1. Can you compute the charge dipole magnitude of segment 148-208 about its Cα centre, using +1 on each Lys and Arg Cβ and -1 on each Asp and Glu Cβ, nothing else charged? Give it in debye, rounded to the nearest 20.
2. Normalising by the residue count of the chain, find the relative contact order in percent from Cα pairs under 8 Å and 6+ residues apart.
3. Under a 5 Å amide H to amide H cut-off, with H placed in plane at 1.01 Å, what residues pair with Thr60 once short-range neighbours are removed?
4. Please state, as a whole number in µm²/s, the translational diffusion coefficient that the Stokes-Einstein equation yields for the chain at 10 °C and 1.306 mPa s, with Rh defined as the Kirkwood radius across alpha carbon pairs.
5. What size of dipole, in debye to the nearest 20, comes out for the chain about its Cα centre when the only charges are +1 on Lys and Arg C-beta atoms and -1 on Asp and Glu C-beta atoms?
6. Please list, in order along segment 85-96, the HN-Hα scalar couplings obtained from phi with the Karplus expression 6.51 cos²θ - 1.76 cosθ + 1.60 (θ = phi - 60°), rounded to whole Hz, x for Gly and Pro.
7. Once all Cα-Cα distances of segment 37-114 are split into 10 Å bins that start at 0, what whole-number percent is in each one?
8. Pull out the extension gain between Glu139 and Glu102, defined as 0.36 nm times the separation in residues minus the alpha carbon to alpha carbon distance; nm, one decimal.
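The values are calculated or read from the model by the stated rules, or taken from the named source; none is laboratory data. Given the structure is predicted, the values throughout are model-derived calculations rather than measurements. Here the Cβ positions follow ideal geometry from the backbone for every residue, glycine too, while neighbour counts run over all protein chains shown. Calculation scope for accessible area: heavy atoms of the full protein, side chains included, ligands and nucleic acids excluded. Shrake-Rupley method; radii C 1.70, N 1.55, O 1.52, S 1.80 Å.
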Amino acid sequence: MIYAIGDIHGCEGSLKKLMEKCSPQNADTVIFLGDYIDRGPNSKGVIEFLIDFFKMHPNTVFLKGNHEWMFYEFYKNRDPDMWNLWEINGARATLKSYGNVENIPKEHVEFIKRTKTYHIQDGYFFVHAGVKPGKPLKEQKSEDMLWIRDEFIYSDNPLENHIVVFGHTPMEKPLIMSDKIGVDTGCIYGGYLTCIRLEDKKIFQERC
């Protein structure tokens, strides 16, 4: 079975309850679509949970969201311009959960560093935000895969021969189409944290 989970944004409690509902087995593939941190109350707890989850579920895939990208770009160089971008996107909530940037464990930094931009399995293309419509995979840019919204969502068959599974853009309910599946249902905005089991399109949800 393949499970895909949308944007968590520091909602540790919802994440734990959702994974209990899904109850994936060790042989299953669990794919987290990015945005584990920022905005919500416990980014630190989310990262700790995911690190521990991987130890029990070795087939887990962690994708990079635009929030992980902002975090790591700032963490590397402490660039003021990157801080400004990250700050307006919820950085202070993340730093509050750790105390300050110097308190972030190296294990957590390495976890974020190692997140993947995309994952391909069984005809599905898993990515945080989406793809540039009509471009072959070898021409896709990481910037689009982390940030794109409407141009991708309102396109037809954006990536040939693949169903694109994505998060990033909050929706009232999961988007399930023949060419794309969106599972960011605005957990941090009063919506739900959502997981989809792809074989039967079963939806699992938990309020933040």
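1. Values: 7 positive and 10 negative charges, 61 e Å.
In debye, rounded to 20, segment 148-208 gives about 300.
2. Taking the mean separation of contacting Cα pairs over the length of the chain, I get 25 percent.
3. Amide H neighbours of Thr60, under 5 Å, 5+ apart: Val30.
4. 94
5. Details: 26 positive and 30 negative charges, 70 e Å.
The calculation lands at about 340 debye.
6. 5, 5, 4, 6, 10, x, 4, 5, 5, 5, 5, 4
7. Here the calculated profile for segment 37-114 is 18, 56, 22, 3.
8. 9.6 nm
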